[in-house]
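Here is the structure we will look at, set down as structure tokens.
Quick note: the coordinates plus some simple rules give every number you see, no bench work behind them. Bear in mind that the values here come from a model prediction, so they are computed numbers and not experimental data. Note: ideal-geometry Cβ built from the backbone for every residue, glycine included; neighbour counts use all protein chains shown.
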Amino acid sequence: MKTLFPLASIGIALALTATGPAHAQTINYGDLEALFKEPVTTSATGKPQRQTEVPVTMDIISAEDIRRSGANDIPEVLRSVAGVDVWRWSNGSSDVGVRGYNQAYSPRLLVLVNGRQVYLDHYGLTTWSAIPVELSEIRQIEVVKGPNSALFGFNAVAGVINIITFSPLYDDVDTATVRGGTQKYRQASLVNTLKIGDRAGLRISAGASNADEFDTPATSLQNSLRRNPERRSLSVDGLFQVLDDTQWGVELTRSHVQQTEMVPIYTPIAAKIDTYSARTTLTGEGAVGLWEATVYRNWLEANLDSDDVLPTLPISNHVTVAKLQDLFKIGTDHSFRVTGEYRHNAMETVPYKEATVSYDVYAAGGMWDWAVTDSVSLTNAVRVDHLRLDRSGPVTLRNAPGSVGPFTNDDFDKALTEYSFNSSLAWRPTRLDTFRVTASRGVQLPSMIALGYHDGYPVPFGPIPTSRISGSPDIDPMAVMNYEVGYDRRIPQIDSLARFSLYRQTSKNLIGDADATRITNISPAGYDFLFRNVGSSEATGAEIGLDGRIGSNWRWGINYSFEIVDDDLIADFNDGRPSAVAYEETTPRHKVNGKVGYTWRGLELDFSANYVSGTRMPLIQVGSSSTRLIDVEDRVTVNGRIG
């Protein structure tokens, strides 16, 4: 933890010299929700908007929804949202997808906490249990669907999950929670808010959980299973009114997780993950509009154990981000947001050797929100990212003296420039109806491991590797295009909101994981596994939902999602074997969610159910490198709660 505080001081100094729109944490959500009578967000355009006004398809899960779900973690909360897939691998380990394309170590969904990235770049995934947030400190979870890189940055190709916590300055949250369950599950969390008058607030949260996951032997996978998963989390978040028109925020977090995970080749591993973060933010209002300057750094230290033969894979990754934003108006009908961002991402690439793969990204973006008439609005956003890739250090393979990988450091001296955009036309013929037409393009970067990792796995106790895993600097980013029409209708007679969306999506330059893209033997050392682009895919889907209340006692909701995925993979991909990249096989056609709740004199009764149609699932065969597809039948998950 000691390394966090020097960075915080550096970030404060940088923020004080910079200018850029009001961050979500400087918004008093409670007052705005009371005013608008519905959830409010600032994530899409930087300015407060009702959920039905944003120029993207967004569902907002409220703090009440979270509490009444009875869920123990964020993926279970998300399961009830239309179009969301949740795959549960173990106690604490899940993968979440939006609008199909879910997979082990799912890379397509960008996850943020108050705008700070908690998506992990090393393997391109979100370790949900490592997010340093307790459920009781979450004000709302915003689920943004479809490509939104122009508004949120790289890797927001399936959508964005933005977790908004209660403000330490505007909100008072003081909770203690204890849970217990089968498999010796026990969990405790504490959230405490400290105020200094009305100009300073500090929120401290901590959580811990343990379980004994398996009570049956699994001798062939003993070293791949973390039989006693555990989680530890600590977060300190402060917000200070330093001037009448200026606020300063600071955040420090720490998390520790040990659990069983499923890697992209669909074999379990025992993972140990430690994350750290430090962030400072300065926001204000002046002649240039609402501005914000943010600096943060994320650290990751991880160890992955796959079995008794292959050694521990240690990973060290750090990301530093500096952002400037400014939100301003010209006249009464035109709102603009301009952004600039610098990102440095680095990962040690050969275990036990001083080799690093890294890149620097320079990004600029702009958003224009035009109120064409009282009932018609047009929102356009564009972002350009320029990336410089680099690698330094030895290229020799571990346990194989004199053996080198297929690339030299000079091969990593590359640059690329990518663009993304979001465009939305909204028509509100009445105060109750909203029609929306959108088009967007998003970009997903290859993971740090896919770009630059390389290593050799030896024959047991032998000096020569039987296989080599190599990241490739020749991988192209994946690009996703999405076209969508949507309709929202408020029904005041039953205090409800009806929503409908129809979309068409194309994904080009799909990225295949190393063991799923085995190529021909190019050295006496054995097989070589290369990450590479493996083809394209198309998806067509629809979502419809209805949520409402009856008086002050009843709450209810139902939604349905339908999707068809069609993959077009390159001819030599995986040598005709079943593929881990098999989205048309693994994406369910039908999903249904329903809930009903009743309140009587403080007593709450809640019931919910989730249906998912049958699919197929990739799974690596024990003792083999072959992937096979197994049938997964229709399934129903039922939850009940009395509180």
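Between Ile475 and residues 5 or more places away or on another chain, which pairs have amide H atoms under 5 Å apart, with H built 1.01 Å from N, and which residues are they?
Residues meeting the amide H criterion: none.
Pull out the extension gain between Thr332 and Glu604, defined as 0.36 nm times the separation in residues minus the alpha carbon to alpha carbon distance; nm, one decimal.
That works out to 93.4 nm of additional length.
Which whole-Hz couplings ³J(HN,Hα) result when phi for each residue of the stretch 266-276 is put into the Karplus expression 6.51 cos²θ - 1.76 cosθ + 1.60, θ = phi - 60°, listed in order with x for Gly and Pro?
6, 9, x, 9, 9, 10, 10, 10, 10, 10, 9
Quick one: Kirkwood hydrodynamic radius for the stretch 98-205, alpha-carbon pairs, angstrom, one decimal?
15.7
Using modelled amide H (1.01 Å from N, peptide plane; none on Pro or chain starts), what sits under 5 Å from the amide H of Lys414, excluding residues fewer than 5 places away?
Hits under the 5 Å cutoff: Leu389.
Name the long-range amide H neighbours of Val581: under 5 Å, sequence gap of 5 or more, or other chain; modelled H, no Pro or chain starts.
Amide H to amide H, under 5 Å and 5 or more residues apart or across chains, Val581 pairs with nothing.
Across the stretch 478-491, in residue order, what do the Karplus-derived ³J(HN,Hα) couplings come to in whole Hz, using 6.51 cos²θ - 1.76 cosθ + 1.60 with θ = phi - 60° and x for Gly and Pro?
7, 10, 10, 10, 9, 10, 8, 10, x, 9, 10, 9, 7, 10
Over what distance in Å are the Cα centres of the stretch 262-340 and the stretch 155-213 separated?
19
Using the Karplus curve 6.51 cos²θ - 1.76 cosθ + 1.60 with θ = phi - 60°, what ³J(HN,Hα) values do you get for each residue of the stretch 534-542, in whole Hz, with x for Gly and Pro?
10, x, 9, 7, 10, 9, 10, x, 9
May I ask for the percentage of alpha-carbon pairs in the stretch 226-279 that lie more than 18 Å from each other?
When every Cα pair of the stretch 226-279 is considered, 54 percent fall beyond 18 Å.
Order these by the 10 Å Cβ neighbour count, fewest first: Asp245, Asp121.
Neighbour counts put them in this order, fewest first: Asp245, Asp121.
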